[in-house]
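Taking it in order: structure first as structure tokens, then the write-up.
The values are calculated or read from the model by the stated rules, or taken from the named source; none is laboratory data. Note that the coordinates shown come from a computational prediction; the quantities given were computed from them, not determined experimentally. Positions of Cβ are backbone-derived with ideal geometry, glycine not excepted, and every protein chain shown enters the neighbour counts.
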Amino acid sequence: MTVEADPVRVESRLTAGQVGCPDCPGVLRPWGWGRRRSVHGMDAALRPRRGRCGVCRVTHVLLPVTVLLRRAYAAEVIGAALLARAGGQGHRSIGAALLVPAATVRGWLRVLAGRLDAARVHLLQVAHRAGVDMSVPEGLGCPWRDLLAALGAATAAVTGRFGAVGVLGPVTAWQVAVACSAGRLLAPGWPTSAGREPATRVAPDVRGG
């Protein structure tokens, strides 16, 4: 489950019973920690909090909005690779520039290439729900650039409504991408047709949801 980047804020909300369970109407409470892991692009090792629902008894690892599900690279690193692909670069040159194995970059690109239109539509739906008088970006003649345009619209709508700065600094487009996909941007089965990804507040210091 994706939560905001500030661990102090996550702990406070978890202790207060303010983190809803994504599987039922219950709330999560503190339940230990996930395994410590190194994430390329982050200065310190990540040890995410774990929460357990008091109703359905299911536990969830609470991943910050700076990382994607089951990826050992920060969202900003993966985002830089996708941005470079939209600019016409191949996986080898992208990997060399980001110090990421070319095969890893190729895997990211292959996954997203199979869901470019679905991801674009999902982001536009988020922008429509969050924004006021949101206009659909014009087609740019490239599915990768069209996806980035949709992400730009979603970012503008989300930050315009909830604020452009969170507890830990400016809200980035890739944090919005993680939040909109509940960390599943590159995970199997996303976007879901049911649209049940739990929402994430990327600017938790601003009230309004």
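Table for the structure above
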{"item": "Some residue of segment 42-63 being touching a Lys or Arg at 6+ places or on another chain (Cβ under 8 Å), in contact (Cβ under 8 Å) with a residue 12 or more places away in the chain, in a helix (DSSP H, G or I) and crowded, with 20+ Cβ neighbours inside 10 Å", "result": "no"}
{"item": "Filter pass, VAL8 being of a type in the set (A, V, I, L, M), part of a helix (DSSP H, G or I) and buried (at least 20 other Cβ atoms within 10 Å of the Cβ)", "result": "no"}
{"item": "Matching entry among LEU116, LEU98, LEU147, LEU123 (being touching a residue at least 12 places away in the same chain (Cβ under 8 Å), closer than 23 Å to HIS40 by Cα, surrounded by 14 or more Cβ atoms within 10 Å (Cβ to Cβ) and within 21 Å of the chain's Cα centre (by Cα))", "result": "LEU98"}
{"item": "Any hit, segment 69-83, residues being on the phi > 0 side of the Ramachandran plot and not in a helix (DSSP H, G or I)", "result": "yes"}
{"item": "Residue within segment 106-113 that is among the small types (Gly, Ala, Ser), surrounded by fewer than 20 Cβ atoms within 10 Å (Cβ to Cβ) and over 27 Å from ALA150 (Cβ atoms) present", "result": "no"}
{"item": "From the options GLY26, GLY79, residue that is in contact (Cβ under 8 Å) with a residue 24 or more places away in the chain and more than 15 Å from the chain's Cα centre (by Cα)", "result": "GLY26"}
{"item": "Sole residue being at pLDDT below 90 and touching a strand residue (DSSP E or B) at 6+ places or on another chain (Cβ under 6 Å), chosen from ARG52, ARG47, ARG37, ARG70", "result": "ARG37"}
{"item": "Candidates VAL111, VAL132, filtered to the one that is at pLDDT below 95, closer than 22 Å to SER181 by Cα and not charged (D, E, K, R)", "result": "VAL132"}
